[in-house]
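The values are calculated or read from the model by the stated rules, or taken from the named source; none is laboratory data. Note that the structure is predicted; figures quoted are calculated from it, not measured. Here the Cβ is made from the backbone with ideal geometry for all residues, glycine too, and neighbour counts use every protein chain on show.
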Amino acid sequence: MGTYGYAAPEYVMTGHPTSKSDVYSFGVVPLELLTGRRSMDKNRPNGEHNFVEWARLYLGERKSFYRLIDPHLCGCFSIKGAEKAIQLAAHCLNRDPKARPLMSEVVEALKPLPNLNDMACSSFHFQAM
């Protein structure tokens with residue numbers, strides 16, 4: 001069975017991996033990178049143990065996504081890059097496997113991210129959110 005916290009819900013239910021369950025598992029990784037959190041953390045307060053379920057609360061709204069960003073980044077990150085990575089993660093973590101992208105689409109979505117240079121370092125925009 002897959003690693004708890006990374007395994008797609010349908011994989012947990014059936015035990016049958018698919019390319020779409022792999023996409024789900026990958027979707028956890030960008031969220032971990034941006035939040036500084038692990039996929040499962042029993043030391044977190046109740047309601048935050050399951051990282052993906054906690055993150056879902058903030059994935060839908062643009063203003064809320066700032067709550068996901070690791071405060072240790074001190075605002076030094078590409079806002080556009082973070083937004084795009086979080087949108088991609090949300091797409092990968094869709095509860096409906098058919099609605100998840102193909103891994104080739106994930107790769108294409110990731111390619112432009114390193115070239116974004118809109119660093120937020122202590123910008124008013126980031127702090128105001």
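Given the conditions (1) under 12 Å from the mean Cα position of the chain (by Cα); (2) surrounded by 15 or more Cβ atoms within 10 Å (Cβ to Cβ); (3) assigned to a helix (DSSP H, G or I), report the number of the one that V106 does not fulfil.
Of everything listed in (1) under 12 Å from the mean Cα position of the chain (by Cα); (2) surrounded by 15 or more Cβ atoms within 10 Å (Cβ to Cβ); (3) assigned to a helix (DSSP H, G or I), V106 misses just condition (1).
For segment 1-32, which positions are under 18 Å from the mean Cα position of the chain (by Cα), exposed (fewer than 15 other Cβ atoms within 10 Å of the Cβ) and not polar (S, T, N, Q)?
Scanning segment 1-32 gives Y4, P9, V29.
What pairs can you find where one residue is in segment 28-40 and at negative phi, the other is of a type in the set (G, A, S) and outside any helix (DSSP H, G or I), and their Cβ atoms are less than 7 Å apart, with a gap of 6+ or different chains?
V28/G5; V28/S39; E32/S39; S39/G5; M40/G5
So D41 passes all but one of these: (1) modelled with pLDDT of 90 or more; (2) more than 21 Å from E10 (Cα to Cα). Which condition number does it fail?
(1)
So the check is Cβ under 9 Å with 6+ separation or different chains; which pairs have a first residue in segment 90-116 that's among the small types (G, A, S) and a second one that's in a loop (DSSP other than H, G, I, E, B)?
Sorted first by the residue in segment 90-116, then by its partner, the pairs are A90/G60; A109/P101.
Among the residues of segment 49-86, count how many are assigned to a helix (DSSP H, G or I) and surrounded by fewer than 17 Cβ atoms within 10 Å (Cβ to Cβ).
Adding up the residues that qualify gives 11.
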